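The values are calculated or read from the model by the stated rules, or taken from the named source; none is laboratory data. Source: prediction; values computed, not measured. A quick note on method: Cβ atoms are made from the backbone with ideal geometry, for glycine too, and the neighbour counts reach across all protein chains shown. Areas reflect the complete protein model, heavy atoms only, side chains present, ligands, DNA and RNA absent. Shrake-Rupley method; radii C 1.70, N 1.55, O 1.52, S 1.80 Å.
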Amino acid sequence: MTSAKLILGISVAVIIIFALAAAFVLKGGFQSTNTSHTTPQTQTTSTTSQASSDKVLRVSFAWPNYIDPAVGSDYASATTINNLYDPLVYPKPGGGVVPWVAESWNVSDNGTVWTFHIRKGILFHDGSELTANDVVFSMKRLLTIKEGFSYLFLPYIDSVEAKDNYTVVFKLKSPYGPFLDTLTRFYILNSKLVMEHIAYNSTQYNYGQFGDYGRNWLLTHDAGSGPYTVKSFQLESQVVLQKFPNYWAGLKPNSPDTAIFIGTTDPSTVRTLLMKRELEISDQWQPKENYDFLSNVTGISIANIPSGNVFYLMLNTKLPPTDDINLRKALAWGFDYNTVINQIFPGSPRACGPIAPSLPGALPNQTCYSYDPQKALDALKQSKYYGQLDKYPIEYDWVAEVPDEEKVALLFKANMQQLGITVNVVKKPWLSVVQEMSNLTSSPNIVSIFDGPVIYDIGPFLLARYSSQSLGTWEQNEWLMDSKLDSMIMDALKTINQTERYQKYYEIQQYIIDLVPTIFTFEQLEKHAYQSYYVDWPQAKGEGVMLYGYSIDLRSIQVFPDKRAQLLSGSTTSSKSVEPAVLAIIAISSFALSATAAVAAISFRKNLKL
């Protein structure tokens with residue numbers, strides 16, 4: 001009886017102490033930022049040094065960030081490039097393009113000669129005017145470096161030349177149906193400025209007479225005409241952008257004076273910065289628990305932006321045992337998709353093929369793989385590895401910067417254990433994932449990744465995900481090397497008529513599905529926690545361009561520092577104000593109860609001498 005009373009007393013004391021501590025912290029105690037997490041201390045310091053009257057927008061991203069338009073193509077890079085540079089044409093919400101750097105254009109009857117008329121008066125950040133020569137230089141540089149979004153153009157561009165200061169002619173090797181759409185990813189650089197910063201003694205890059213083509217300098221600087229320019233860049237932690245006052249297209253009245261893109265997805269860091277109003281928009285990779293918590297904080301909302309991305313489990317078709325199609329079918333039938341879309345990524349629509357169902361050109365009426373252990377076992381028995389599965393463990397790598405990916409990986413592992421398949425789940429930083437997929441010998445059996453089209457036409461994405469041209473990039477761990485598929489994709493892209501092109505896209509998707517090179521899970525809703533009380537973000541309201549890398553477009557976002565000051569001073573009230581404290585107390589108290597129960601159980605076992 002005495003032991004029971006003692007344990008009860010400890011329980012009550014622990015609960016009270018933790019509850020008071022939670023209330024104290026959320027009331028403002030211990031205001032200094034914890035620097036023991038993975039984010040560099042200098043990074044957090046720079047975000048907290050902004051005065052409350054500054055119009056600053058801080059956004060967290062998965063890192064690294066390659067801001068050279070001929071190099072970067074991941075989400076952070078694409079977003080930054082779009083704000084530093086101007087594309088030749090600009091995407092229109094829902095599809096199509098609008099004039100931008102090119103104010104008009106015309107095309108030959110056979111679809112192979114495109115003439116663009118360049119807008120006069122566009123200024124680069126150094127004050128010089130953008131001309132046709134800069135357009136030619138930028139395309140030739142992109143095609144020479146062969147990285148970034150160059151895959152959109154490499155198979156098709158035959159030549160590009162300037163007819164005069166404001167006229168550019170592109171000649172294509174063959175008709176290219178999505179050509180105009182792809183130019184939303186062709187960004188114009190200041191040719192003179194880049195040439196002034198070419199290094200001829202680079203040990204890493206050598207492009208003949210162009211030396212390193214300015215790559216080392218453009219790693220941390222820009223040569224653009226976009227709405228923002230690079231103020232500073234700490235490669236491992238953050239890039240600071242400053243508004244360009246002479247931007248030709250104009251900006252919103254309350255557009256940010258400064259934007260800071262921060263390289264962290266650490267949940268505790270992001271949560272803390274948001275609650276202290278030192279982060280305006282979170283990355284899209286936060287765990288569900290963070291979104292649930294932050295949705296109850298005054299002034300913070302959760303944006304759900306359709307992304308067109310699919311969450312793929314990319315299966316290496318050249319590495320045992322995933323080189324066997326029957327084993328791949330077993331994996332596809334043996335995975336519990338409903339748990340993923342209902343519990344881990346709730347609200348996400350199911351994807352049954354390589355293209356998100358919401359996108360134009362997606363294969364209609366697809367038949368999905370579903371969770372069916374019996375079908376999985378039947379397929380497994382037809383595999384050449386059946387009966388010796390213990391000799392062939394499967395390595396599953398997930399991206400460390402996206403915590404919820406681990407939940408999917410562990411679920412997959414548990415599902416496969418029921419089939420007698422051993423899965424080793426490995427946490428890998430994004431940069432390590434990119435590096436390992438650069439070579440067949442280092443690529444694992446499975447890599448989980450989010451990916452989707454970068455333009456509204458899906459053809460170039462099919463090229464980037466599954467053709468032999470993308471081998472060795474982060475977009476293909478499947479290593480298909482399928483010449484028939486390559487030919488099918490190229491034929492579709494040469495088709496000018498959209499209806500005919502889409503029919504070919506359908507056939508390509510079915511062909512890929514039949515190969516089972518990928519486990520297709522769901523279409524991603526791009527979730528961001530953001531300061532809705534003082535940030536006007538059109539995309540969060542379902543407005544504007546929803547393409548990859550365009551959702552955080554500083555041309556349209558506005559910041560109201562006076563409203564931020566109200567939140568900091570506590571002069572605004574909301575029914576949500578007390579809920580974070582309540583949630584924290586409940587959570588911590590539950591933990592305390594669990595811990596106390598464990599202590600009681602141990603004591604009980606000792607008393608019984610078990």
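Leaving ligands, DNA and RNA out of it, rank M488, M481 by accessible area with a 1.4 Å probe, largest first.
Numbers: M488 45, M481 90 Å².
Per-residue accessible area, sorted high to low, gives M481, M488.
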Y200 accessible area, 1.4 Å probe, all protein chains in place, Å² to nearest 10: 150 Å²
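What is the magnitude of the charge dipole of the range 146-240 about its Cα centre, with +1 placed on the Cβ of each Lys and Arg, -1 on the Cβ of each Asp and Glu, and no other charges, expressed in debye to the nearest 20? Could the numbers behind the result be given before it?
Numbers: 8 positive and 9 negative charges, 24 e Å.
So the magnitude is around 120 debye.
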Enumerate by residue number the GluC sites (Glu not before Pro) in the range 379-431 meeting two conditions: DSSP loop (anything except H, G, I, E, B), and at most 13 other Cβ atoms within 10 Å of the site's Cβ. none
First select every other residue whose beta carbon is under 9 angstrom from the beta carbon of S307; then total the charges, Lys and Arg +1, Asp and Glu -1. -2
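Computing the accessible area with a 1.4 Å probe over protein heavy atoms, can you report the carbon and sulfur percentage for the range 302-396?
48 percent
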Evaluate E = 1/(1 + (r/R0)^6) for N165 and N254, where r is the Cβ-Cβ distance and R0 equals 35 Å; express this FRET efficiency to the nearest 0.05. 0.50
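Using the Kirkwood formula on the Cα atoms of the range 153-194, what hydrodynamic radius do you get, in angstrom to one decimal? Each step should come with its number before you reach the end.
Numbers: mean 1/r = 0.0845 Å⁻¹.
It is 11.8 Å.
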Applying the gyration tensor rule to the Cα atoms of the range 83-133 (axes a ≥ b ≥ c; rounded if a/c under 1.5, else prolate if a/b exceeds b/c, else oblate), the class is oblate
Kirkwood hydrodynamic radius over Cα pairs of the range 236-393, then Stokes diffusion coefficient at 25 °C and 0.890 mPa s, in µm²/s: 122 µm²/s
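Take the solvent-accessible surface of the protein heavy atoms, probe 1.4 Å, and return the percent of it on the range 397-458 that carbon and sulfur atoms account for. Before the final figure, lay out the partial values.
Numbers: 1120 of 2150 Å².
C and S atoms contribute 52 percent here.
Could you please put D257, D158, D266, D404 in sequence from largest to smallest accessible area, using a 1.4 Å probe? Please list the in-between numbers first.
Working: D257 60, D158 100, D266 35, D404 5 Å².
From most accessible down to least: D158, D257, D266, D404.
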The pairs in K120/K563; K427/K541; K427/K527 lying past 29 Å Cα-Cα in this model are K120/K563; K427/K541
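Which value does Rg/Rh take for the range 126-174 over its C-alpha atoms, Rh per Kirkwood? Please list the in-between numbers first.
Details: Rg = 11.6 Å, Rh = 11.5 Å.
Radius of gyration over Kirkwood radius for the range 126-174 works out to 1.01.
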What aspartates and glutamates could a cross-link reach from K146, if we take a straight Cα to Cα line under 17 Å and drop same-chain neighbours fewer than 8 places away? D68, D74, D158, D212, E475
Among R350, R501, what's the order by accessible area (1.4 angstrom probe), most exposed first? R350, R501
Quick check on the range 359-422: take the gyration tensor over C-alpha atoms, sort the square-rooted eigenvalues as a ≥ b ≥ c, and tell me if it's rounded (a/c under 1.5), prolate or oblate. oblate
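What pairs in K329/K484; K92/K173; K276/K407; K55/K243; K484/K504 have C-alpha atoms more than 18 Å from each other? Provide the component values of the computation, followed by the final result.
Working: K329/K484 21 Å; K92/K173 27 Å; K276/K407 28 Å; K55/K243 10 Å; K484/K504 13 Å.
Distance filter (> 18 Å) returns K329/K484; K92/K173; K276/K407.
Need the full-extension length gain, K146 to N342, defined as separation in residues times 0.36 nm minus the C-alpha distance. One decimal, nm.
Between K146 and N342, full extension yields 66.5 nm more.
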Please give me the summed charge of the neighbours of I496: other residues whose Cβ is under 13 Å from its Cβ, Lys and Arg +1, Asp and Glu -1. -2
By the scheme Lys and Arg +1, Asp and Glu -1, what is the net charge of all other residues having a beta-carbon under 12 Å from that of L431? -3
